[in-house]
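The structure appears below as structure tokens.
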Amino acid sequence: MGDQIQFIVEKLNQEPFRKNYNLISFDSLESLQLLQLLSDVLGEIDPKHAVDIREELPEQTAKRMLNLLGILKYKPPGTVPDLSAFRQGLVTGSKPVIHPVLYWLLQRTSELKKRAYLARFLVKLEVPAEFLQDDTVADFNKQYEELMEAFKNLHKEHEQLKISGLSTAEIRRDISAMEEEKDQLAKRVERLKKRVETVQNHQRMLEIARQLRLEKEREESLAQQKQEQKSQLFHAEQRLQRAQVQLKEMQHVVADSKPESLMKKLEEEINFNSYLVTEKIPREMESKKTSVYFLQKVAAEPAMTQADLTALQSEINEVNAQMNQLIEKRMMKYEPADSKFSMYRQQASIISRKKEAKAEELQAAKEEMCSLERQVEQKSSQAHQLEGSEVLTEDELKQYVSKLRSKNTFYKKKRLEIAEITAEYGILQRTEELLRQRHEAVQQQLQAIEEKKGISGYSYTQEELERVSAVKSEMDEVKGQTLDNMSEMVKKLNAMVAEKKASLAPVIKELRQLRQNCQ
């Protein structure tokens, strides 16, 4: 709790709040001041909530804050028993309720600003079904939903543009740089024109240069067309080779097979495809739909705390225990007459599982064969594009393999070192966490002892006094340095005065004689 308060005070002392609090002054705030402070923080997130709570009723204040906190998906901590207690604490300005809310809001202010901004446009207005029977209301509601979807798409594009790093200033700089380059090129062209005009037959030479440029461009286009035709020829040869291989396979199959075997193969393939279409794929689609539904449901719910996870785990354990009890009761009531049916059911389930496994293996083998064929095509096209590049000999291949093995050994060694370092890092992180927990426990014990002895806040006061004494010592050092500087300056001034006196002494003596002569 002390870390939370310190974090809240640090954030409130920064921009844009600038409250100039310390731990003692923040802890001494009254309930009305805490509520106003919470309203100011909510107003920073959503400008509509920047109001003075003295000008509205407490129920309106609590309703407004609860509405915004619900939009921001805030969940009360586990220390608050229920929602009614949280609402009551929010109305009365209770510190155990306000402090966690401030800590949560100040932790993620920028994220919550974005969420509040989007909520103004994406929180859907629920229209009753009886009003939607009217065609005009239904049309307006449809337009409203379409505009909401358009806003979502525009916001996504805006975020992507922000992430891409392009800005108007950079584009303007690029445009100005290109304009300057264009001006420089125009000036160079003008200079070259003036220089060429002095040459004899410059028009004919320019025409010849233009024709040369056109011929070079034509040569490049012809070379590109030649390369494209080569690649097309290569692909056509590959297709021809594949067609010849398929033709040979089909001829071999036709020569060595009978109509009965062909019909049997076709029936097997049809049975396999029908099994995929009627049983396997619908089951997988249903499981995917179920998982997507549950994931959408989880994503739509607010963020869960550790207490919620613990409660869900306890519910899961209870349901598992009930399931085990029901299974035991069923086994106790099991009749021997059903043993044959159970055996048949087990055999049928085993056969169905084997069937599913074999179908998956066959599908995976087909996919692997297709991928290998694609890889072979890619490798052959790459080899054709190399056009006569050197092929590794047996010795060079052995050297390459040995080099790869040495690199693999080195990689495994480094990966083992990384695993050891990662394990050590995890141990150190766990040690740090344990020490932090022990420190927090010691702080809580110290606070409990202080409250028991009637000197609550003594440790914070002691820390504040130590900090103030440290600041005072620094100020004393600064003052001492200032006094030393002043004393040195006084010495310098005295020395300068004495020097001036010594230089003016003969002049003063002569002046006295002149005064006496004048008198």
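The values are calculated or read from the model by the stated rules, or taken from the named source; none is laboratory data. Computed from a predicted structure; not experimentally measured. A quick note on method: Cβ atoms are made from the backbone with ideal geometry, for glycine too, and the neighbour counts reach across all protein chains shown. The accessibility values were calculated without ligands, DNA or RNA, using every heavy atom of the protein model including side chains. Shrake-Rupley method; radii C 1.70, N 1.55, O 1.52, S 1.80 Å.
Tabulated data
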{"item": "Gained length - residue 378 relative to residue 412, 0.36 nm times residue gap less alpha-carbon distance", "result": "9.2 nm"}
{"item": "Table column - 3J(HN,Hα) (Hz), the stretch 199-210, Karplus curve with 6.51, -1.76, 1.60, x for Gly and Pro", "result": "7, 6, 6, 5, 5, 5, 5, 5, 5, 5, 5, 4"}
{"item": "Helix axis angle, 394-453 relative to the chain longest principal axis, alpha carbon, degrees", "result": "50"}
{"item": "Cα pair count fraction exceeding 46 Å, expressed as % - the chain", "result": "62"}
{"item": "0 to 90° range, to nearest 10: angle between helix 2-13 axis and the chain longest Cα axis", "result": "70"}
{"item": "Helical contribution to [θ] at 222 nm, DSSP H n ≥ 4, -39,500 (n - 2.57), averaged over the chain, rounded to 500", "result": "-30000 deg cm²/dmol"}
{"item": "Relative contact order for the chain, counting Cα pairs under 8 Å that sit 6 or more residues apart, in percent", "result": "10"}
{"item": "Bins of 10 Å, starting at 0 and running to the largest distance - Cα pair percent for the stretch 228-327", "result": "11, 15, 18, 16, 14, 11, 14, 1"}
{"item": "Linear extension gain, residue 298 paired with residue 119, 0.36 nm per residue minus alpha-carbon span", "result": "62.5 nm"}
{"item": "Carbon + sulfur, % of accessible area of the stretch 91-245 - ligands and nucleic acids excluded, 1.4 Å", "result": "55"}
{"item": "5 Å-binned pair-distance histogram of the stretch 457-509 (Cα, whole percent)", "result": "5, 16, 11, 11, 9, 9, 8, 7, 6, 5, 5, 3, 3, 2, 1, 0"}
{"item": "Computed label-point distance, nm, for sites residue 237 and residue 24 using a 7 Å Cα→Cβ extension", "result": "9.1"}
{"item": "Length gained when the stretch residue 437-residue 311 is fully extended (0.36 nm per residue, less Cα-Cα span)", "result": "43.0 nm"}
{"item": "Pairs from 63/124; 75/452; 280/412 whose Cα-Cα separation, in the structure shown, is over 31 Å", "result": "75/452; 280/412"}
{"item": "Rough spin-label spacing in nm, given labels placed 7 Å along Cα→Cβ, for residue 229 and residue 138", "result": "6.4"}
{"item": "Karplus-derived 3J(HN,Hα), 6.51/-1.76/1.60, for each residue of the stretch 56-64, Hz, glycine and proline x", "result": "9, 6, x, 5, 5, 4, 5, 5, 5"}
{"item": "Spin-label pair residue 462/residue 367, simplified geometry with 7 Å Cα→Cβ offset, distance in nm", "result": "6.5"}
{"item": "Cα gyration tensor, the stretch 1-123 - rounded (a/c under 1.5), prolate or oblate", "result": "rounded"}
{"item": "Residue-wise HN-Hα coupling along the stretch 270-284, computed from phi with Karplus coefficients 6.51, -1.76, 1.60 (Hz; x: Gly, Pro)", "result": "5, 4, 5, 5, 5, 4, 4, 6, 8, 10, 5, 5, x, 5, 5"}
{"item": "Accessible solvent surface per residue of the chain, calculated while the other protein chains remain in place, 1.4 angstrom probe, Å²", "result": "84"}
{"item": "Prolate/oblate/rounded label for the stretch 113-200 (Cα gyration tensor, a/c 1.5)", "result": "prolate"}
